[in-house]
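Everything on this sheet refers to the single structure shown next.
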Amino acid sequence: MRRLLFVALCICCSGSNALADIIIDVGSHNLAPNTPGQQILIRVTGGEQVQGLDFNVLVADGGSQLGGNIEGPAITKTDIILGTIFQENNTGVQDLGVFFRQFDARSTTTASGTVVADGVLATLTIDTTGFFQGTFDLILSNTPNGPTDLPRLNNGVAVRITDGTIHVVPEPGSFLFGTVSLLACGVIRRRARRA
């Protein structure tokens with residue numbers, strides 16, 4: 001019995017030292033309609049030591065600029081340094097040098113050593129000007145530049161990405177105004193028919 005307990009304890013202890021996947025869950029984000037300058041935080045968990053970031057992000061299918069069919073909110077800024085896990089240890093930002101409304105790709109590496117993959121990975125600034133409602137995919141797993149990746153010391157550790165969505169949600173006041181307007185039109189029509 002003691003031997004069995006000892007073996008079980010060894011298995012539990014060795015399991016706690018096993019490497020975990022790096023997880024990026026993009027999440028679902030509600031944004032105001034027809035409004036620039038809205039921020040979305042993208043977070044990473046897993047706690048592995050990483051040496052850099054290849055950050056690729058796509059809204060919907062990229063729209064007409066990238067041969068897609070879905071026009072969506074624009075990415076106006078992508079910050080992978082300020083307020084992120086790379087803030088204190090980076091070599092600056094490299095980008096594609098090409099501007100696309102619904103796609104961006106940026107990368108950085110650590111200036112020395114590694115950083116822990118646990119915290120804010122990037123801050124996106126989104127412009128919903130011209131969009132008053134709708135849901136749009138927010139994709140990091142399959143973009144024109146490949147998936148987002150974090151180069152790491154142990155290449156056996158996977159980066160698991162769950163893509164997310166942007167919901168352009170009308171303000172509650174606009175729903176109320178629309179409902180009252182429809183009711184008023186109905187009352188006016190009904191009175192006009194009676195007259």
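The values are calculated or read from the model by the stated rules, or taken from the named source; none is laboratory data. Quantities reported herein were computed from a predicted structural model and do not represent experimental measurements. A quick note on method: Cβ atoms are made from the backbone with ideal geometry, for glycine too, and the neighbour counts reach across all protein chains shown. Heads up: the accessible areas ignore ligands, DNA and RNA and are worked out on the full protein's heavy atoms, side chains in. Shrake-Rupley method; radii C 1.70, N 1.55, O 1.52, S 1.80 Å.
Among residues of the range 119-146 that are farther than 16 Å from GLN38 by Cα, those with a Cβ under 9 angstrom from a residue that is open to solvent by 20 Å² or more (accessible area, probe 1.4 Å) and at pLDDT below 95, sequence gap 6+ or separate chain, pair up as ASN145/LEU96.
Within the range 153-195, track down each residue that is farther than 22 Å from LEU124 by Cα and modelled with pLDDT of 85 or more. Matches in the range 153-195: ALA158 only. Filtered by the rule that a residue be under 19 Å from the mean Cα position of the chain (by Cα), in a loop (DSSP other than H, G, I, E, B), of a type in the set (Val, Ile, Thr) and surrounded by fewer than 22 Cβ atoms within 10 Å (Cβ to Cβ), the range 34-93 gives THR35, ILE70, ILE81, VAL93.
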